[in-house]
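Asker: Here's a structure for you.
Quick note: the coordinates plus some simple rules give every number you see, no bench work behind them. Note that this is a predicted model, so its numbers are computed, not measured. For neighbour counting, all protein chains shown are included, and Cβ atoms are generated from backbone atoms with ideal geometry for every residue, glycine included.
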Amino acid sequence: MTDNEFLLFDRIFKIQSIIRQYGEENFYISFSGGKDSTVLSELIDIAIPKNKIPRVYADTGIELNMVRDFVKEKQIQDNRVIIIKPSVPIKPMLEKEGYPFKSKFHSRAALEYQTGKKDNVLCTQYRTRTSVWYSRNCPKKLLYQFENNWHDVKISDKCCDRLKKQPLDMYKKKSGRSIAIIGIMPAEGGRREKAKCTVFNNDKLKAFQPLVPVTKEWENWFIDKYNIKICDIYKEPYNFTRTGCKGCPFALHLQEELDTLEKFFPAERKQCEIIWKPVYDEYRRLGYRLKNEKGV
């Protein structure tokens with residue numbers, strides 16, 4: 001037995017064990033239409049044949065068109081695919097709640113500062129670089145956002161909550177399916193590096209993440225072995241490595257993403273410029289994640 005085959009059998013056993021322990025009727029798959037969640041969906045089917053676990057897709061309105069179309073095609077073929085939508089359009093929500101900037105942690109700290117909670121522990125540790133998590137420290141070029149009552153761009157970490165978490169919470173409440181099966185892989189970096197296979201809240205299973213021990217190499221092996229159809233956006237000539245909300249200001253390689261959109265999907269690039277304009281303008285002024293006016 002190869003290492004890849006051993007990991008496959010290990011994951012199948014883990015999925016069978018957890019789902020049988022907590023009951024299939026309590027689970028749903030958080031389905032993004034991306035590579036990881038597609039692999040997750042197929043892996044669940046191998047482990048639990050003929051399962052009726054819903055694949056729930058949150059259509060935020062700013063997903064890549066190819067990914068959204070891929071999910072709609074899957075829905076035609078598989079009635080377990082459910083598409084839900086947020087209750088508020090993104091642009092009015094951003095104007096009211098605030099825009100994502102740099103990262104969720106930075107945006108949360110900036111929101112506290114802008115709403116008068118300047119002495120909050122989170123805000124103080126972050127802007128004074130005393131947080132134990134170095135990756136969460138504020139870069140020097142962004143410290144001005146915590147000084148002199150700067151409010152030029154309204155910043156918030158609420159975007160993902162409003163567009164994805166809240167619609168999913170409503171789905172869980174209506175369906176009674178409270179346990180999310182999520183395709184998180186530590187190889188993606190950031191906070192995901194510390195991801196656990198099972199996530200509990202007050203001794204209740206909140207999320208099941210069976211891909212936690214999986215590598216990208218194993219994922220590609222699995223796709224080839226079972227001839228799994230993934231969205232074409234991951235293939236030539238597009239070669240996307242990540243999907244999600246297009247043009248999201250949290251993206252570390254935002255300029256590269258926008259350049260790719262300009263090449264293949266110029267209309268979607270224009271959509272990004274309209275939706276995220278205040279943040280993009282500030283990024284370009286600073287030369288942070290986006291090229292400034294001088295092209296640097």
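Asker: Give the cysteines in the chain for which no other Cys Cβ lies under 4.7 Å away, or write none if there are none.
Answerer: Cys123, Cys138, Cys159, Cys160, Cys197, Cys231, Cys272
Asker: Sticking with this one: Work out how much length Asp3 to Asn149 would gain on full extension: take 0.36 nm times their residue separation and subtract the Cα-Cα distance, in nm to one decimal.
Answerer: In short, 47.0 nm is gained.
Asker: Oh, and also: Take the chain, mark every one of the GluC sites (Glu not before Pro) that falls in a DSSP loop and has at most 12 other Cβ within 10 Å, then report the longest stretch left between them, sites excluded.
Answerer: Formally, the longest exposed-site-free interval is 1-146.
Asker: Run lengths n ≥ 4 of DSSP H only: what is the helix-derived mean residue ellipticity at 222 nm for the chain, with -39500 (n - 2.57) per run over all residues, to the nearest 500?
Answerer: -12500 deg cm²/dmol
Asker: Continuing with this model, one more query. State the answer as a single residue: which of Pro210, Leu286, Cys272 lies farthest towards the positive end of the charge dipole of the chain, with beta carbon charges of +1 for Lys and Arg and -1 for Asp and Glu, about the Cα centre.
Answerer: Leu286
Asker: In addition: Just tell me which lysines come within less than 18 Å, Cα to Cα, of Lys216; anything on the same chain fewer than 8 places away is out.
Answerer: By straight Cα distance, Lys216 reaches Lys35, Lys194, Lys196, Lys225, Lys229, Lys235.
Asker: Given labels modelled 7 Å from the Cα in the Cβ direction, how far is it in nm from Lys206 to Lys140?
Answerer: For the pair Lys206/Lys140, the computed spacing is 3.7 nm.
Asker: Right, another one. Grab every C-alpha pair in the chain, bin the distances at 10 angstrom width from 0 up to the longest one, and report whole percents.
Answerer: 6, 24, 32, 25, 11, 2, 0
Asker: Provide, as a two-decimal number, the C-alpha radius of gyration of the range 155-277 over 2.2 N^0.38 Å, N being how many residues it has. Display every interim value, and only then the final one.
Answerer: Details: Rg = 17.2 Å, N = 123, 2.2 N^0.38 = 13.7 Å.
Normalised by 2.2 N^0.38 Å, the Cα Rg of the range 155-277 equals 1.25.
Asker: Still on this structure, please answer the following. Tell me the angle of helix 254-264 to the major Cα principal axis of the chain, expressed in degrees between 0 and 90 and rounded to the nearest ten.
Answerer: Tilt of helix 254-264: around 70 degrees.
Asker: Could you give the length gained on full extension between Lys270 and Ile83, defined as 0.36 nm per residue of separation minus the Cα-Cα distance, in nm?
Answerer: Net length gain for the segment: 64.8 nm.
Asker: Of the peptides 81-90, 196-205, how do they stack up when ordered by the mean number of other Cβ atoms within 10 Å, highest first?
Answerer: On the way: 81-90: 15.1, 196-205: 11.2.
Ranked from most to least packed, the peptides come out as 81-90, 196-205.
Asker: Quote to one decimal, in nm, the extra length available between Leu122 and Glu73 on full extension: 0.36 nm per residue of separation minus the C-alpha distance between them.
Answerer: Numbers: separation 49, 0.36 × 49 = 17.64 nm, distance 4.35 nm.
Stretched fully, the Leu122-Glu73 segment lengthens by 13.3 nm.
Asker: In the P(r) worked out for the range 1-140, what percent of Cα pairs fall beyond 28 Å?
Answerer: Cα-Cα pairs in the range 1-140 separated by more than 28 Å: 48 percent.
Asker: How would you rank 238-249, 164-175, highest first, on the average number of other Cβ atoms within 10 Å across their residues?
Answerer: The densest-packed peptide leads the list: 238-249, 164-175.
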